[in-house]
Structure formats: structure tokens, C-alpha cells
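The values are calculated or read from the model by the stated rules, or taken from the named source; none is laboratory data. Keep in mind that what you see is a predicted model, and the values were worked out from it rather than measured. Cβ placement follows ideal geometry from the backbone for every residue including glycine, while neighbour counts extend to all protein chains displayed. Remember, those area values only see protein heavy atoms, side chains included, never the ligands or the DNA or RNA. Shrake-Rupley method; radii C 1.70, N 1.55, O 1.52, S 1.80 Å.
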Amino acid sequence: MISSRQERRPLPLALLLTGFLVLWLILAIFPFAWTLWGSFKVEGDFFSKASWQNALFGPLTLADHGSAFTGAGYYGAWVQEEFWRSSLNTGLVVVSVVVISLTFGTLGGYALSRSTYRYTFWLLILALVFRAMPPITLVSGYLLPFYQWNLWGHLGTAIIVLVAINQPFTLWMLTAFFKNIPKDLDESARVDGCTQFQAFRHVIIPVMWPGVITTGLFSFLLAYNDFVVTAMLLSKENQTMIPKIASFLGTTQTEGNVMFAVAAVVSVTAPLFLLVMFFQRQIVSGLTAGAVKG
């Protein structure tokens, strides 16, 4: 007896859906796979105008390095151009933005979700409007005081602006997650002798942990992939990874710099794949919890 929907599905339809899924995966993976492959070639092969097959077989790479593959792009980016310094700066900025945003977001979101005042709704609307503003408008507003107080160029300036940009979204998202948690949990904890903060820390946070991880990941991506804020507010010595890659592309007249950028792009993208794969269950659980009202 056929019981599952998949078994009842006609064979042509199943083949069509499978083919579409395979095609979609190929199109989605191809850009990164091609960039990864090309990062081990020399510029003349990967950007060859004579034949695209040079990017596959690497004749110039073989002639220059004695092998069809070379790590010269990674060495040049990480050692010669000190991309490792930019990665450290990015790590500091990302950790600071995520920790600060989640700290204030969880506290503020919990307070707003339990508030009975009418201004709560308008406060969230204001936060949403603030988040919809182009980041460049906030950056331009911060430039004058940062210059006057001699704060321009430091990592702290970028962290402040990124938190300001990210906080409304974090507050809105976490408030929605907290609203899905029944207030009975708070009341039960208070009956058992917990204070409001103890109930929040020991009862509510463990329940909505997937939502915190999901929101934290979005905060991470904002800070990790940002270009506008970090490019305008950080000096050359304190550059994060994305502006550093742009600086490689801005000096294409120097041979090898384009391959430094290609190798750096792979280095920046790979951790994102690993992060999403590691937290995929928490992300799906968090998004589902935010979509279904409890």
C-alpha cells in the first residue's frame, strides 16, 4: 500500500524535480568552485583571453612553478600583503558587534515583548525604519565627530557604527522570538522564587536559544561582509578583510594582485560555509520558532 507522498508522485514529475534541484545546486556552487580552482593558478591562466581551457589546465602555471597548481596567490595575500592582519581585525570587529548586539538585543527584546504599553509598537516601528535607512547616511553622520575627537581610523569607530546599524534589526527579531514564548513560564519562575532577571536568564534564554543563535548569525554576517562602514571609517592599518580585497583589485596594474584578491575571496568565503553547516539545525529551528506563534 502506497502511503507516502513521494511514492505517489509520478515518475516524470519526480525526475523533473530532481533535475531542477541538481541544476540549481550546480549553478549555486559553480561560482565558488570556479574561484577556488582559479585561486591555485597564475593570473595569465585564470584570466586568459586565448582560451578558457588555460584556466583548467594551467600551462603558464606549469611553466612558472613546475606544477599545474600553485599557492602563490595565498602566500602573496596572507604573507606578502599581510591579509592575516585584516582577518584579525575582522575577527575583533565581528565578535564585538555580535556580543554587544545580542546583549542589548536580548535584554531590550525581552522587555519589549513583556511590555503592555502602547509605545512598544511604535518603538519597534521606529527601529524598523531606522534599520531601513541606507548605512551611508549613518556613516556620514558619524564622520564629523570622529574627526573632531580624533577617533577616525580605529576599530572601535567601526564597531560603534555597525552596532548602531544592526541593533534595530536585532531588537525587532529577538522581540518576535520572545513573544512566541508563553508568559506562563515567567510567572511560574516568579512563583518558584526567581527574580525577573533570574527568570530571564535561567528559564527564558535556554528556551529561545535557537533564536539567539539565528539572530547572532545575521549580526555576524552584517559585520563580516560589511564594506561601506569599514572602508570609510578604518585606516589602512586597521582594514578588515572586505576592504582589503578591494584594495587588491584597485591595484590591478601590479601583476599578481588580482590573484591575491581571488585567494582572499576564497579565504573569506570558506568560513561562512563551515559556519552555516555547523549551525544549520539551530538556524532552521530558530527561523521556525520565529515564524510560528506560540
Of all helices (runs of 4 or more DSSP H) fully inside the range 41-133, the set with 1 or more residues that are touching a Cys at 6+ places or on another chain (Cβ under 6 Å), open to solvent by 50 Å² or more (accessible area, probe 1.4 Å) and over 27 Å from residue 249 (Cα atoms) is none
Quick one: which residue in 218, 197 is under 17 Å from the mean Cα position of the chain (by Cα), open to solvent by 40 Å² or more (accessible area, probe 1.4 Å) and not aliphatic (A, V, I, L, M)? 218
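Residues are listed down the side, and each one gets a yes or a no for (1) closer than 20 Å to residue 89 by Cα; (2) modelled with pLDDT of 90 or more; (3) not in a helix (DSSP H, G or I):
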residue: 214; (1), (2), (3): no, no, no
residue: 248; (1), (2), (3): yes, no, no
residue: 251; (1), (2), (3): no, no, yes
residue: 254; (1), (2), (3): no, no, yes
residue: 267; (1), (2), (3): yes, yes, no
Selection count where residues are farther than 30 Å from residue 129 by Cα and of a type in the set (Lys, Arg), scope the range 172-200: 1
Those residues that are assigned to a helix (DSSP H, G or I) and more than 20 Å from residue 90 (Cα to Cα), I need them from the range 147-169; list them, please. 147, 148, 168, 169
Cβ-Cβ under 9 Å pairs, at least 6 apart or on other chains, the range 164-192 side closer than 24 Å to residue 99 by Cα and open to solvent by less than 60 Å² (accessible area, probe 1.4 Å), far side of a type in the set (Ser, Thr, Tyr) and at pLDDT below 85: 164/142; 175/120
Would you mind stating whether residue 22 is within 30 Å of residue 128 (Cα to Cα) and out of contact with any Lys or Arg (no Cβ under 6 Å at 6 or more places or on another chain)? no
Residue satisfying condition, being over 23 Å from the mean Cα position of the chain (by Cα) and among the hydrophobic types (A, V, I, L, M, F, W, C), within set 78, 24, 52: 52
Take residue 31 and decide whether it is in contact with an Asp or Glu (Cβ under 9 Å, 6 or more places away or on another chain), open to solvent by 40 Å² or more (accessible area, probe 1.4 Å) and not small (Gly, Ala, Ser). no
Would you confirm whether any residue within the range 138-151 is open to solvent by 60 Å² or more (accessible area, probe 1.4 Å), modelled with pLDDT of 85 or more and within 19 Å of residue 100 (Cα to Cα)? no
